[in-house]
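Below is one structure, written out as structure tokens; comments come after it.
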Amino acid sequence: MTVEREQSVVLPLSAVPAVPYPAKAELIRVLLVEDDQSFREVLADELSEHGFSVQSFADGASLLAAIDAALDADIIVLDWSLPKTSGIDLLPQLRRLGVSLPIVFLTGRALTEYESLAFDRGAIDFIDKARGVDVLVKRLRRAIEAARPVARLPIEKSIVRDRLELRPNISRAYWNQIDVGLTIGEYNIVHLLASNAGRYVTYRAIYDRMHYAGFIAGSGDHGYRSNVRSAIKRIRIKFRECDPQFAEIENYMAFGYCWGAPTSPR
């Protein structure tokens, strides 16, 4: 019996269908300002291993000299104790130059007063260096995700509550037709409260609106409440500059805040 052997057929390269390579994950672009050279280099290497593209600077002046780098970045990480210009003073300089990137403080100054000041100046997060790179990576990713613009309806109607008018399309709040001058974070809090007028909103819900859901900061399990109280105080001051009789935001001890007269304690 004759056995026929199979013959191998070699196709020309042009006849082999192309198999696309998996798409490379998009790098998260970080501007890191840290004066400690060894820490700066180690941290940049560790972040690179986690999918970040890091451009490092030894001080605020170096970052300001290369401010165009901010056009292509996703987030800025600042040390607090920088030479000449501290990180907390550098932040408003960046804002005045039109840099709207989310800013995170990575510092060894883990005291509550520093944390509160950072948030007052507009930082999106405040992280103790002792927490380690794994925690930093998670919180940087969440901060970037929270800062990304969300899809909105083409037209959003204004919200009117007596003398308050909120214009969602431009994130502005008006009291007696006067622009209150709220920051985006402050506007988001007022929007949350006014959207639930007559009902108390918890400290946790307000804090999540200030930053992002699940954000952790402050000292102790309920440390975030001091940051909420500080934000509410700033908001009240701005409204009272428009109207000294302003008294629309009420507090329910250890629970939260309410816009207008509450219909029930909770």
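Within region 158-171, residues that are at pLDDT 90 or above reach partners that are outside any loop (DSSP other than H, G, I, E, B) and open to solvent by 20 Å² or more (accessible area, probe 1.4 Å) with beta carbons closer than 6 Å, at six or more positions or on different chains, in the pairs 165/174; 166/159; 166/191. When 143, 130, 205, 123 are checked against the criterion of being outside any helix (DSSP H, G or I) and either of a type in the set (Ser, Thr, Tyr) or closer than 30 Å to residue 77 by Cα (or both), 123 stands alone in meeting it. The residues in region 96-113 that are exposed (fewer than 15 other Cβ atoms within 10 Å of the Cβ) and part of a helix (DSSP H, G or I) can be counted, and the count is 2. Selection of region 238-262 for residues being closer than 23 Å to residue 227 by Cβ, assigned to a loop (DSSP other than H, G, I, E, B) and of a type in the set (D, E, K, R) yields only 248. Of the residues examined, residue 200 is one that is of a type in the set (Phe, Trp, Tyr), open to solvent by 10 Å² or more (accessible area, probe 1.4 Å) and at pLDDT 90 or above. Of the candidates 89, 120, 128, the single residue that is under 22 Å from residue 173 (Cα atoms), acidic (Asp, Glu) and open to solvent by 40 Å² or more (accessible area, probe 1.4 Å) is 120. Per the listing 81, 100, 86, the residue uniquely closer than 22 Å to residue 235 by Cβ and among the hydroxyl-bearing types (Ser, Thr, Tyr) is 100.
The values are calculated or read from the model by the stated rules, or taken from the named source; none is laboratory data. Everything numeric in this text was worked out from a predicted model, so none of it was measured. So basically every Cβ, Gly included, is an ideal-geometry build from the backbone, and we count neighbours across all protein chains shown. Accessible surface is based on the protein model in full, side chains and every heavy atom, while ligands, DNA and RNA are left aside. Shrake-Rupley method; radii C 1.70, N 1.55, O 1.52, S 1.80 Å.
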